[in-house]
1. Could you list all residues from the range 136-146 that are in contact (Cβ under 8 Å) with a residue 24 or more places away in the chain and either part of a strand (DSSP E or B) or among the aliphatic types (A, V, I, L, M) (or both)?
2. Which one is modelled with the highest pLDDT among residues in the range 136-149 that are open to solvent by 70 Å² or more (accessible area, probe 1.4 Å) and farther than 15 Å from Trp90 by Cα?
3. Out of Ser101, Ser76, I need the residue that is open to solvent by 70 Å² or more (accessible area, probe 1.4 Å), free of Cβ contacts under 8 Å to residues at least 40 places away in the same chain and hydroxyl-bearing (Ser, Thr, Tyr). Which one?
4. State the number of residues belonging to the range 104-119 that are open to solvent by 80 Å² or more (accessible area, probe 1.4 Å) and assigned to a loop (DSSP other than H, G, I, E, B).
5. Restricting the search to the range 53-81, which residues are part of a helix (DSSP H, G or I), of a type in the set (A, V, I, L, M) and touching a strand residue (DSSP E or B) at 6+ places or on another chain (Cβ under 7 Å)?
6. Would you please list the contacts, defined by Cβ atoms under 7 Å and residues six or more apart or on different chains, that run from a residue in the range 16-42 that is farther than 20 Å from Pro100 by Cα and assigned to a loop (DSSP other than H, G, I, E, B) to a residue that is modelled with pLDDT under 95 and of a type outside the set (Val, Ile, Thr)?
7. So Tyr63 clears everything in (1) free of Cβ contacts under 8 Å to residues at least 40 places away in the same chain; (2) touching a helix residue (DSSP H, G or I) at 6+ places or on another chain (Cβ under 9 Å); (3) loosely packed, with under 15 Cβ neighbours inside 10 Å except one condition, right? Which one?
8. If I go through the range 43-52 residue by residue, how many of them are over 13 Å from the mean Cα position of the chain (by Cα) and either part of a strand (DSSP E or B) or free of Cβ contacts under 8 Å to residues at least 24 places away in the same chain (or both)?
Amino acid sequence: MTTEPVTAVHLTAPAARVITSELCTADHTLETGGILLGHHARDTVTVQHAGTPGPAAVRTPTYFLRDLAHAQALASVAFAADRSVWVGEWHTHPTGRPVPSARDTATYRGLLDDPELGFHSVIAVIFAAQQGRWTGVAWTCHSGRITPARLTISSMDGPP
């Protein structure tokens, strides 16, 4: 892991498939989301694995809280598979824009301030329904600032 600020976020096809599946099947009146696991090299975070909310997640129209046990289980599997670590979270804003809310901002700053977590940067990918389709925007929180990051998504055609 590096301490360099993130300017780009890349979702691999397997991670994008998990998010797409959740976006297609979730109750669109409630926020949903999950953790993002991957690697931070130079100024880019590559997301290898994306989580789902989990059975004990809290979902309301304006708030999402992941199922911690579910997230920890995915993190363990991902670390064992390819040494992926927790790099951030993704979630939806069903009635808003794909920008961090005040609650989102406070959450990201709290993660950065927790010395046990060891975050240098936290990434977020926020999806909002716009004109009948989901639009995603990546954000990075580093040194107390939240800024947009370039988001790229691998093609989901072909084998994983």
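1. Those that are in contact (Cβ under 8 Å) with a residue 24 or more places away in the chain and either part of a strand (DSSP E or B) or among the aliphatic types (A, V, I, L, M) (or both): Gly136, Val137, Ala138, Trp139, Thr140, Cys141, His142, Ile146.
2. Arg145
3. Ser76
4. So the answer is 2.
5. Ala71, Leu74, Ala75, Ala78
6. Arg42/Glu4
7. Condition not satisfied by Tyr63: (1).
8. Selection size over the range 43-52: 1.
The values are calculated or read from the model by the stated rules, or taken from the named source; none is laboratory data. Remember, predicted model here, so these are calculated numbers, not experimental data. Backbone-built Cβ (ideal geometry, glycine too); neighbour counts: all protein chains shown. Each accessible area value is taken on the protein alone, full model and side chains, heavy atoms only, with ligands, DNA and RNA left out. Shrake-Rupley method; radii C 1.70, N 1.55, O 1.52, S 1.80 Å.
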